[in-house]
Each structure stands twice: as structure tokens, then as C-alpha cells.
Amino acid sequence: MRRALAPFLLILGVLFGVAAPAGAAGALTWSPAASVETGKALSTVACPSTTLCVAGGANDTIAVTADPAGGAWSSGAATVSGSTGTVTALTCPTATLCIAGDDAGHLLVSTNPAGGASTWTATTYAGARFNDLSCSSASSCVATDPLGSKVWSTGTPGNAASWTSKPSAQQAWNSVSCTPSFCVASSALWVYYSTSASAAPAAWTASKIVPFNGSSYSNRLTAVACTAAPACVVGDDIGDALFATKKPSGVASDWSSTAFQQVSNLSCAPDSTGLCVGSSVYGGFVFSSTDPAGGSGTWSSTDHVLGAGMNVADVSCPTSSLCVAVGGGSTSGLAAVATAGGGGAPTPTPTPTPTGDPTPVVAPTPTPAPVVGGSIAPPSGPSLGTVGGSPGLAAGSGTTFAVSGNAVSFLLQSASNATGTVTVSTGAAVTASAARATKKTTKKKPKAVILGTATFTLVANVKKTVMLKLNATGRKQLAAKRKLKVFVTITGKTSAGTKTQATSSATLTLKKASKH
């Protein structure tokens, strides 16, 4: 099930170290997002070919384009008659067959998906709530219904009335991915494997791949995607991990986990390149790899694919050189296109090399993907880098940010594995030299008041959202002043032992909670 995701309140790009791992896949190159006239954000997309993409959204709206590489989407997208849910699952095994499922128990089928609303038929299954669909072929498909703890399947997907359900094995299934030779599904803790999409759930091989840490299970599996290579990846939305295998046979020992970002959706291209893409549960960026089971170092990510503050709900790639992402805001659908993926290490973002006293520098006119913490390492040692806010945020740009509630979120990235802390303070910058007064100092420096601190662990080239909760002092000061001048300090240490620290001023503005 697609989730409504809160927009980022504060986003800072962070980069430790110099270069990406040698095997890292290049980030997809995304075009500016185009509007899709649906009146609501799009929630899912399926592209069976380079000449057809189909997307779904609220009120069982279907939007279509015959030119995914940049052509217009259907204006005033058609709404399927007799169906009033939100399309939450969509698959098109061929260009002449698409099946959609919604959160109100409807299965929608069309053998001419670009033909308008009249070509779609809706069949109601009372109590069902579809959240994923996948087909191993045009004649065998499977759907998941976690709230009903059922698995739906059929051998004639073009006939919506032919779908039948059986109780899901072990736990309710969250996601499913099928290739022509096998299918893999995921639940909160388990993965399931079958060579037949229409096999009863009890016939699928089940393996629990989420480890028990002694007191609880720290992961919750969400999305799954597989390539024909074969390789499969499963993401989770609470444990910051990615599980992967090159032997999808349902054996737990074949799966390995690596630290990663929270994951909401995954999709793989059907060709032999092995390209897989996904989006974060926070919705702001898309990550990709041509070696999805090769570890976190093979993944790279692109931020603000649909624009600042816009959530990415789903991504589909008909080939390794064409991907389409959809999502949007509360009143409009958006779609963005990546016309080229690829291998090779991503090019690091250039950062000015500081000279003289390594005093933190506030970035001038905001530019995309500002960087903190040493993207260039001069001979004398690691650069302190720059600090600045991301441009184009709904909450403001530069170093002014809106805060809703008590939490501030940071989007961090490192070129190598790193750990550290993010601190928000008032009164003085929290730097290594802030507490040292020289003999010539005549005025007493104001004492730094900590308003909140958060720790982070970063995996090379994988963006991660870190939530920092304001403490009681921070909440009180912001509530009293509405606008609060603060200092943001990011201190980090790479796996090689290199330490970096950077501080910059910013303004937090209290924002009233929106009413729905």
C-alpha cells in the first residue's frame, strides 16, 4: 500500500570522503517533472514498453502516455466507471493488457489501456485491498492483499472475475515480483519463492530472513523486485536495510543484508542489464543499481526527482535506458523521466577548496545538492566544506526552513561509510573551537544552548533521512519566537578515520499544522 508521506522540513546534503566505490552504479539522469492532469498525486505506474506508460491515482484515475521519454500524458485522465478507490497496484505484462487494483476491493482490467475509461472494466471483491500486482506472463498473475491476509491469483488475468484468493502463508504478504521463471513475495519477516505465480501460497517456499536481535525484530520488509539474471532485492521501511540474493530459491542463507535507506518501492527492468530502481519511504529521491545484489556500494541516488517537497510514489523502467517516476502533491500528479541509466561511479559534486583558516562557509546562491564535509581533500588534509540549505523547498530556500511539529529531517549522504551527529543549537556555533577563548577576547561569547541532537550511520553513496527532534528548550524557544536563528553542526567520522565538522547558521520558522 502506498503511504502518504510527510514532506522534508529541512534538507542538507552531506558528503564525507572523496570518491565513490569503484563498482557504484551511476545515478539516473532525470528530466524536469511534467504535470499530469489528474487533480491528485499519482500512486503507481507500469511501463510495459518504450511506447506506453500507464499510471494510477485517486478515484481510480488512469493516466496514459504513448511517449514515456517525454511526451504528454492523457489530459484530464480517465476515471474508471463504477470504481471509487485509489489505484495502489498496477501491472502491464504486455502493451495490450494492464491490471490495476485499488484500496477499495476493485480489480480493473483493460486490453486497450490507452483507449480511455470505456476500455477498463471493474470487478468488485468485497473486503479486498490490493497493494501489489505482478505477472510471470500474460497468462499468470498474482496480487497481494495484506490487510485481508490473502493472495490473489489467476491464469486468465484479462478476466477480472476469474481471480481467486487463498490465505497467505505465515504472514500477510506485502509485495510480489515475478519474472518469466519464478516469483518472490515478501511479508514483514519472510520471503516466499515459487516457480508458478498461480500456485497456492502454501506451495511457496518460505524463509524468514529478518534476524532477531535478542529483544525484537528490527526490520519490516516492504517492497521486493527481481531481475531475470536472476537477482532479487527486498527493502524495509523501519530498519534501514536492504536484503538481496543472487539465488532466489527461498533459502534464508542465500539472502544477505546491508545497511541502507528506508525503502517504499522497488522495480527492475525486464532486460538483461540487471537495472533496479527504488524510492525511499520518505519519497524525495530515487536510487538505482545495475548490480542490485552487490551491496549498498553499488547503489546511487538522485534527490528531488519530482521537485522539492514532491513525493515519489513509484518507478517503472521498461528498459535500462528509460525509467519513469510518478507521484506529486495533494492537488496534482507529476511524472519525471530518466532517459539513461548506467554503470560507472557517479561524478562527485564539486566543492570549493577552503584556504587559510578552515572557517565554515555558508553557501552563496543555493545550487542543487549542496555539500557538507570534504568532497575535495587538499594535500594538507580533509576540507571542511560548505554548509547550505537545499533550494526550492516548499518551506523556503537558502537557510530558512519551516518546522512543523517537533522534528527536523536531514537528508545526508557520504562517499564512504561514516558515522556522526547533527546538532541544532542557539547562542553559538558548536564547533571544536567554539569553547576556546583567546587571551585577546574582550567580550564573553554567548553560551551554546543545544536544541536537539541526532546521530547517524551512513553507507557510502546511499542517502539517508535522519530525524532530529527538538528538545523541550528548542520547542519552547521556537514557540515563543516563531522564528529562531540557530546553528546547524554536522560532525562525522569516516570508516577510514577521517574526521570532518562543519557549522552554518540557519533560521527555523514555526509552521502551523495544515488542516485536512
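The values are calculated or read from the model by the stated rules, or taken from the named source; none is laboratory data. Because the structure is a prediction, the values reported are computed rather than measured. Neighbour counts are summed over all protein chains in view; Cβ atoms, including those assigned to glycine, are modelled from backbone coordinates with ideal geometry. Ligands, DNA and RNA are stripped out before the accessible areas are found, and what is left, the full protein with its side chains, is counted by its heavy atoms. Shrake-Rupley method; radii C 1.70, N 1.55, O 1.52, S 1.80 Å.
Descriptive notes on the structure:
- Inter-label distance, residue 69 to residue 469: 5.0 nm, where each label sits 7 Å from its Cα along the C-beta direction.
- Contour minus Cα-Cα distance for residue 419 and residue 203 (0.36 nm per residue): 73.4 nm
- Of the solvent-accessible surface of the stretch 35-189, computed with a 1.4 Å probe and all protein chains present, 49% belongs to carbon and sulfur.
- FRET E, pair residue 123, residue 29, Förster distance 45 Å, beta-carbon r, rounded to 0.05: 0.65
- Taking packing as the residue-averaged number of other Cβ atoms within 10 angstrom, the listed peptides 187-195, 468-476 run from highest to lowest as 187-195, 468-476.
- Fraction of accessible area attributable to carbon and sulfur, the stretch 195-315 (%, probe 1.4 Å): 51 percent
- Using 0.36 nm per residue and subtracting the Cα-Cα separation, the extra length available between residue 509 and residue 477 on full extension is 10.4 nm.
- For the set 467, 310, the ranking by accessible area, highest first and with no ligand, DNA or RNA atoms included, is 467, 310 under a 1.4 Å probe.
- In the context of the full set of protein chains, the stretch 132-250 has a per residue accessible area of 35 Å² (1.4 Å probe).
- Near residue 237, the amide H atoms lying under 5 Å from its own belong to 220, 222, 263; only residues 5 or more places off or on other chains count, and H is placed 1.01 Å from N.
- Residue 252 paired with residue 162, simple spin-label distance in nm, labels 7 Å along Cα-to-beta-carbon: 3.8 nm
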